[in-house]
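Scroll down for the structure; my scribbles are underneath it.
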Amino acid sequence: MFDVGRLSFNPSLYPLPYLRPSVAEHLPHPLLSPPQTMPLFPEAVQHSGINFFIDSPFRSINCNLLIALDGTQYFSSQNICCENCSRKEHRNGTVTYSHTVITPVIVAPGNDKVIALQPEFITPQDGHTKQDCENAAAKRWFIEYGLQYKDLGVTILGDDLYCHQPICENILTEGLNFILVCRPYSHKTLYEWTAEFENMGEI
Ligand SMILES: [Zn+2]
């Protein structure tokens, strides 16, 4: 999509993709910064035809688009860091610096293509645990982009990490639907309730 060439091997925090000169000349700097790339994502959705074709191969359950959210680490080092690094101190006294991002993609069963949407970068202020960090970044994504996609009919897919009431309410507030993994060991009370309802014949 960005016509990515080779990556820089300079051992710095600058491994950004170089652009084809014809593209780069339209940008203020030959390297892309994240805010510059954001407008390209809805354009990709626009060009996919999802907006116009209800029978798009990306349409799935209830004719919705499935947007899968997940976090991924794209930088980790014990030597190089910047002011935006998340920092993890180990018992042996060493520190690992890292950058993580949530990467939402439109997926569909039986379709081997995906459409990447705007990522949301996890910041050091997002929390101390992996769950705090991902949930805070996910909330920002729903608030920032929910309105942009909700009219397409969207169901958010996420793992057990996101399966908590505040996130569920956040998704619904933005006019989106959700299917989240809900594991018994991390949702004991909920499973106790459903077991009771089953015993009472109400499920
Ligand atoms: Zn950093």
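For the reader, a short list of remarks on this structure follows.
- Cβ-based exposure ranking for Leu65, Leu161, Leu147, Leu180, in which fewest neighbours within 10 Å come first: Leu147, Leu180, Leu161, Leu65
- For segment 50-133, applying the loop criterion from DSSP together with a ceiling of 16 other beta carbons within 10 Å to the chymotrypsin sites (Phe, Trp or Tyr not before Pro) yields Phe52, Phe53.
- By the count of neighbouring beta-carbon atoms within 10 Å, fewest first, Ser98, Ser33 end up ordered Ser33, Ser98.
- In summary, the lysines within cross-link reach of Lys88, defined as a Cα separation below 28 angstrom excluding same-chain residues under 8 places away, comprise Lys130, Lys139.
- When you filter the trypsin sites (Lys or Arg not before Pro) in segment 102-203 for DSSP loop state and at most 16 other Cβ atoms inside 10 Å of their Cβ, you are left with Lys113.
- Sorting Thr173, Thr123 by the number of Cβ atoms found within 10 Å of their own Cβ, with the fewest placed first, yields Thr173, Thr123.
- Of the trypsin sites (Lys or Arg not before Pro) found in segment 64-108, those that fall in a DSSP loop while having at most 16 other beta-carbon atoms within 10 Å are Arg91.
- Excluding same-chain neighbours fewer than eight residues apart, the aspartates and glutamates reachable from Lys113 by a Cα-Cα span under 20 Å are Asp3, Glu43, Asp55, Asp70.
Throughout, read-outs are computed from the coordinates displayed, never taken from laboratory work. Keep in mind that this is a model prediction, so the values were computed, not measured. Note that we place each Cβ from the backbone using ideal geometry, even for glycine, and neighbour counts take in every protein chain shown.
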